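Readers should treat all values here as calculations from the given coordinates under stated rules, not as data from a laboratory. In this text, all values refer to a predicted model and were calculated from it rather than measured experimentally. Please note: Cβ atoms are built from the backbone with ideal geometry, for glycine as well, and neighbour counts cover all protein chains shown.
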Amino acid sequence: MNPIRCSIIMLALSCASISSAHATNGINLIGFGAESTLMAGADIAVARDTSALNTNPAGLTQIKGPLADIFGSMLRTTDLVHKDSNGNQEHASNRYTFLAGGGYAQPLENLPCTAGVGLFAQGGAGGVFENIRTPFGNRDDLSSLFGIAKIIPGIGCQVNDKLSLGASLGIVYSSIEQDFFSNTSVGSAFAGYKLEDAAALRMGLKFGAQYRVNPSLTLAATYTEKTELPLTGGTLVANYTGLGLGKVKYSDASVKGFALPREIALGVAFKPTDALLLSFKVNWLNWDDAINDVTIRATDPNNPASPAVYPIPTAQGDWKDQWVIATGLAYTWNDCTTLYAGHNYGQNPIPTRNSTPLLAGILEHHVTLGAARKIDQNWLLTGGVEWMLPVGEKYNSPLFGEAEIRNEAIFFHMMLSRRW
């Protein structure tokens, strides 16, 4: 196979499998809902709103009456730039990403349990680089948009005064769209493509526990099982104009070989004073088992003269396991106002040799700051900022030569809560 074409295809596979430009612990967000995120993901020993469904379902037992949360986030990339030896120094054009979700939970009658259901954005966003220089001397678009969402029913039960246990079922939906130099065709050397509508629907379990040693100290643990995400049912349009075949549509396209990882987390929450809550979490994410070989496959072309299978080889992801350390605090300023701050660190799990311009998941440090304000006895408004500190990765690519990817972003989070 032509080496330039092979390099392009290997890059495309990497982007298709792990194209989240804005997810921050691998392809996961650092937190879910406003309080979880504004405490930088140091949440499993706190988990006292409906985000507990996706952080630690044992925490649902802290909800003593019906509770509804609606939350939304806006991400603004401030420095998502690809630079290479072809003369490119381009910022991704998708500077804004919007996420939303919500949850509802209420205690069960005559049982020491609280049940709920929620919708969460788990991670993913992608990068869109328009009109960049290709290795073939022309300009074309390079983009990959990837998203993961969950619908989660769950339950938490209080075993005794100290121990709560919980479980939740994540119904996971993921999808991907990709434009890989789709207006470029160079004879038999390269045929650009556009991939659309590939999606996966799978389920995964999470289990959690909270143990209240005393009113000031809570210990917590969670286990999340691995969830395979084979993306199927898509279409791929390959540009074979360089061979005189025009653009050929493949009606059965799939991306297989990646997953949400197995996770084990331990946490502690401590109240040195009535006003101050400190929370810590250590989280192990088994990316080494989740993202390795990744394959794009496209069959059933509408032109019998074209290849029966769009020829893309398997790519190596070779992600490394990741340890995440999260620290957060909540300070009760007065009866109506709570202040939040936190720091989240997770080492980049992506090997340098597999870096790509569409994978800016190299972010490692995150700092959060926010506040919650009681509007009245029933309504609570929470909001704040998450700053993803600037980071860069230099790598050598057969496609782009000496290259660099940089990333920095700011997230704005808000949640409105209603209690009955």
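Details
- Efficiency of FRET between R419 and M74 - r from beta-carbon atoms, R0 22 angstrom, step 0.05: 0.30
- For the range 186-201, Karplus couplings with θ = phi - 60° (6.51, -1.76, 1.60), whole Hz, Gly/Pro x: 10, x, 8, 6, 7, 10, x, 8, 10, 10, 9, 6, 6, 8, 9, 9
- Point-charge dipole on Cβ atoms (K/R +1, D/E -1) for the range 3-419, about Cα centre, debye to 20: 360
- Each Lys or Arg adds one and each Asp or Glu takes one away; over the other residues whose Cβ falls under 12 Å from the Cβ of R139, this sums to -3.
- Percent of alpha-carbon pairs separated by more than 34 Å within the chain: 33
- Gain on full stretching of the segment that runs from I171 to T235 - 0.36 nm per residue minus C-alpha separation: 20.7 nm
- Of the residues G126, G59, G147, the one that moves most in a GNM of the chain with alpha-carbon contacts below 10 Å is G147.
- Applying 0.36 nm per residue to the separation of N138 and A275 and subtracting their alpha-carbon distance, the gain on full extension is 43.2 nm.
- Each peptide among 218-230, 64-76 gets the average number of other Cβ atoms lying within 10 Å of its residues, and from highest to lowest they stand as 218-230, 64-76.
- FRET efficiency for the pair T314 and E402, taken as 1/(1 + (r/R0)^6) with r the Cβ-Cβ distance and R0 = 25 Å, rounds to 0.45.
- For the range 328-338, 3J(HN,Hα) per residue [Karplus equation, 6.51 cos²θ - 1.76 cosθ + 1.60, θ = phi - 60°, Hz, x = Gly/Pro]: x, 9, 10, 10, 7, 5, 7, 4, 10, 10, 10
- Each of W287, G267, T299 was placed along the dipole of the chain (beta-carbon charges, centred on the mean Cα), and the one lying farthest toward the positive end is G267.
- Förster radius 25 Å - calculated FRET efficiency between N303 and Y395 (Cβ-Cβ, nearest 0.05): 0.10
- Of H82, G156, A200, farthest towards positive along the dipole that unit charges on Lys, Arg, Asp, Glu beta carbons give the chain: G156
- Difference of contour (0.36 nm per residue) and Cα-Cα distance, I410 to L108: 104.8 nm
- Rounded Å value of the spacing that divides the Cα centres of the range 35-58 and the range 365-379: 14
- Tensor-based shape of the range 17-124 (alpha-carbon gyration tensor, a/c under 1.5 rounded, otherwise prolate or oblate): prolate
- Simple rule: put +1 on each Lys or Arg Cβ and -1 on each Asp or Glu Cβ in the range 3-419, find the dipole, and look at L165, G384, G26; the Cα lying farthest toward the positive end is L165.
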